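Presented below is the structure to which this report refers.
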Amino acid sequence: MAEVTMEHAAAGVLIEAAQEAARNAHAPYSKFAVGAALLLTDGSIVPGTNFENASYGLSLCAETVAIAAANVAGRLRDVVAVGIVGGMMKPGGGMAGDEPIYPCGRCRQILNEAAQMGGRDIAVYCASGDGRELRVHRLSELLPHAFGPADLGIETRP
């Protein structure tokens, strides 16, 4: 796991925001709720939650929803960190699960787009559904040798 600097102070806030987002998960098929929360350069937080669809391939992951929301606000280049939490939905609310969850491969690539456009290696906080277990990584650990905007000649922030 990577050493993480200033974003560490925001880890708890990010996980709480991700847990709050997960309460709104639309997961009637898998019953697996996921919440994500992005930390932006000004300290603001952008949440996202998974949104399943009866045509399974059209479902959206929480991280993708959060990145899209940041982009809509013109803040794609400002992502500093992401907190992710998930687990099986409990009757009456909350999530079960004592192991941290990680972004899927597609979401790692989506997160990489924001990271490279912002010129930074973002912190990724992966938490269990109950929020008791937390693992910290840099995106480059989870997606080494990533393909991104610079590979296509797109200018990114230094």
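The values are calculated or read from the model by the stated rules, or taken from the named source; none is laboratory data. The structure displayed is predicted, hence computed values, not measured ones. Virtual Cβ from ideal backbone geometry, glycine too; neighbours counted across all protein chains shown. In case anyone asks, the SASA skips ligands and DNA or RNA and just uses the protein heavy atoms, side chains included. Shrake-Rupley method; radii C 1.70, N 1.55, O 1.52, S 1.80 Å.
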For the range 74-105, name all the residues that are part of a loop (DSSP other than H, G, I, E, B) and under 17 Å from the mean Cα position of the chain (by Cα).
-> Arg75, Glu99, Pro100, Ile101, Tyr102, Pro103, Cys104
Given the conditions (1) within 26 Å of Thr41 (Cβ to Cβ); (2) modelled with pLDDT of 95 or more, and given that Asn53 satisfies all but one, which numbered condition is not satisfied?
-> (1)
Specify the residue that is farthest from Arg23 (Cα to Cα); the eligible residues are those in the range 106-129 that are open to solvent by 20 Å² or more (accessible area, probe 1.4 Å) and not in a helix (DSSP H, G or I).
-> Gly119
Within the range 130-155, the residues that are free of Cβ contacts under 8 Å to residues at least 60 places away in the same chain and in a loop (DSSP other than H, G, I, E, B) are Asp130, Arg132, Glu133, Leu143, Pro144, His145, Ala146, Phe147, Gly148, Gly153, Ile154, Glu155
Matching residues in the range 41-60 (open to solvent by less than 40 Å² (accessible area, probe 1.4 Å) and touching a helix residue (DSSP H, G or I) at 6+ places or on another chain (Cβ under 6 Å)) number 4
Check on Ala18, in contact with a Gly (Cβ under 7 Å, 6 or more places away or on another chain), in contact (Cβ under 8 Å) with a residue 60 or more places away in the chain and in a strand (DSSP E or B) | no
For the range 14-23, indicate whether the set of residues that are under 24 Å from Pro149 (Cβ atoms) and touching a helix residue (DSSP H, G or I) at 6+ places or on another chain (Cβ under 9 Å) is non-empty.
-> no
